[in-house]
Every structure is written in structure tokens, then in C-alpha cells.
Amino acid sequence: MLLTIDVGNTNVTLGLFDGERLAHQFRLESARNRTADEYAIFVRQLLELHGIAPTSIHGAIVASVVPTLTDTIVELARRAFGLEALVVGPGMKTGVAVLIDNPREVGADRIVNAVAAHERCAGRVGEGGVPEGVLVVDFGTATTFDVVSPKGEYVGGVICPGVLISADALFTRAAKLPRVEIAKPPRAIGKNTQHAMQSGLFWGYVGLVDGIIGRLRGELAYPARVLATGGLARLIAPATSSIQEVDEDLTLVGLRLLYERNV
């Protein structure tokens, strides 16, 4: 089995692939003060809970946007499985040309998403038989929008505060407002404080997504399919007019593809 590890600002997501099939998926907190030994214990316990032998893990690959955790997670792979994990970064064969001012600035997760999205959508055509690009919306700690050309080139994108960051700012800076669940309210016009806040968070974010996608499409010379991923994709995507597909496992699939291209 292949162990894929996506280290985000909020969670560390682990995926186990049996060939091309994502067989298991686990999440741990991105605790920056946790040691490699502690992570190794947690991961071994998770595998034991699901009846998975550590010796069945033959390879590992890591994408990290938390530099202070990268070495810890690489060491986790050594201690738990005796493996040298591949780390997504400069010099890795991605098959994606990064066409921005400084390619080293692009987060590893965004490149991984671009690889998976292009693989998923390559060859599709839009109106008039014009090849489609892909726009990837990743609902993570930050929400990112990434543009991939029909040729599989990473063109650039947008970064904005994630839904939970926006909500936390509202909860902490407005003394009289309570914490509410991020959920679709019964109607846009809130009849109480809870529904009014949910309306602002939910419909405000739907409007943000559709507005940014509209502007990105307006700057492209080709049609682009819109693919969403990340923890809140299933909640937000159905209410938008622009998101066409949701794949919550996109980053893990991209890691599998990159492993296959680099071993």
C-alpha cells in the first residue's frame, strides 16, 4: 500500500492506496508541538484499529504547507514504517509547468491539486470543440482558486480567507454575536441572530466563489471546468452556480500520481 500524507494548517490527512483505489483515509490534528514519535504512535494505532499491518506499507509521499511539520512527518514515515518519504517540492517530476513569477512560492498542495485535476479532466472539450482547462477551488484553512490550462500548465490563482477563518473573525471581534454552526440557513433573510449570521457566512461565501470564478473565466481564452475539493466543498458547492464537480479526495489522488511519476 502507498501512504499519502497531506499536511495542512488544520489537519494532517493520510490516505492509503491499494493500487489506484483509496482504501482508507484518516485525519489527525496539525499539532506543531507534537513529535515524530507521537505521530508514529497515533498512525500505528489507527492502522491497528483497521487491521492494517505496517509491513503492507511500501511507499510514502508528503505534501506540506506547514514547514515546521514537514521534517516531523518525514521522520514519522521512517520510524513507523522504515520508509524514506518523497516530499513534494522543487525538482520533483510533476508534468505541470508552473507559469507564475516565482514557481517556488506555490504551495505544494496547489501543485498536487493541479496534477490531479488535469489528470481527471484532460481531453474534455467545451463549446465549439475547444479544449477545456480546469479551475480548482480548495476549501481549506484558506480557500484557494487555481487555474490549470488545457495543456496542464499551472497558470496562477487566488487565495482568500477560508470559511472557518472568516467565521472565527466574526465570532471573536463582535462581542455580542454567538458562535454558530456553518450551515445553509432556511432562507436568506434571517429571522433571528443565528440564521442571520449563517446567511451571511453561507451566502456570502457562495457569492464570493461565484464572483471569483466569473472573473477568472473572463480572463481565460478557453473554457474551464470548475472542480471543488476540501472539507466544506460538499456544503458550499451545491449552492453555487459555477462549481460543476466535487472531489474531496483530489489532493490524495494527486499525491498518488506524483509518487508514480517519481519512483
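Each value in this text was obtained by applying a stated rule to the coordinates, not by laboratory testing. Treat the numbers as computed from the prediction; the structure is a model and nothing was measured. Positions of Cβ are backbone-derived with ideal geometry, glycine not excepted, and every protein chain shown enters the neighbour counts.
Worth a mention:
- Calculated P(r) tail over 13 Å for the range 167-207, as whole % of Cα pairs: 46
- For the range 134-146, the Karplus equation 6.51 cos²θ - 1.76 cosθ + 1.60, evaluated at θ = phi - 60°, returns couplings of 9, 10, 9, 10, 10, 8, x, 4, 9, 9, 10, 10, 10 Hz by residue, with Gly and Pro reported as x.
- Overall size of the range 159-232 from C-alpha positions, given as principal axis extents largest first: 47, 24, 20 Å.
- Extreme residue, positive dipole direction of the range 123-263, given options ALA174, PHE139, GLY211 (C-beta unit charges): ALA174
- When DSSP beta bridges are restricted to pairs lying wholly in the range 2-87, around 65% turn out antiparallel.
- In sequence order, the range 79-93 has phi-based couplings of 6, 7, 10, x, 10, 9, 6, 6, 10, 5, x, x, x, 7, 6 Hz under the Karplus curve 6.51 cos²θ - 1.76 cosθ + 1.60, θ = phi - 60°, and Gly or Pro positions carry x.
- Computed packing ranks the peptides 255-261, 91-97 as 255-261, 91-97, most packed first, by mean other Cβ atoms within 10 Å.
- Dipole in debye (nearest 20) - the range 2-87, about Cα centre, beta carbon charges: Lys, Arg +1; Asp, Glu -1: 80
- All lysines inside 18 Å of LYS191 as judged from Cα atoms, apart from same-chain residues fewer than 8 positions distant: LYS176
- Separation of the LYS93 and ILE165 label points, Cα + 7 Å toward Cβ, nm: 3.5
- Counting only Cα atoms, the range 58-165 measures 54, 34, 25 Å along its principal axes, largest extent leading.
- Between GLN25 and ASP37, full extension at 0.36 nm per residue minus the direct alpha carbon distance yields a gain of 2.3 nm.
- Simple Cβ-charge dipole of the range 96-247, Lys/Arg +1 and Asp/Glu -1, about Cα centre, in debye nearest 20: 660
- Ascending count of other beta-carbon atoms within 10 Å, so fewest first, for LEU86, LEU99: LEU99, LEU86
- Arranged from fewest to most other beta-carbon atoms within 10 Å of their beta carbon, ASP6, ASP249 become ASP249, ASP6.
- Distant-in-sequence amide H partners of GLY133 (H built 1.01 Å from N, under 5 Å): ALA224, ARG225
- Relative contact order %, the chain, counting alpha carbon pairs below 8 Å whose residues are six or more apart: 18
- Ranked packing of 217-224, 122-129, most packed first, by mean Cβ within 10 Å: 217-224, 122-129
- Hydrodynamic radius by Kirkwood, which averages 1/r over all alpha carbon pairs of the range 1-129, in angstrom: 15.9
- Partners of LYS151 within straight-line reach, counting aspartates and glutamates whose Cα lies under 18 Å from its Cα and excluding those fewer than 8 residues away in the same chain: GLU119, GLU127, GLU132, GLU219.
- Dipole check for the chain: with +1 at the C-beta of Lys and Arg, -1 at the C-beta of Asp and Glu, and the Cα centre as origin, the magnitude is about 660 Debye.
- Taken over the chain, the ratio of Cα radius of gyration to 2.2 N^0.38 Å equals 1.07.
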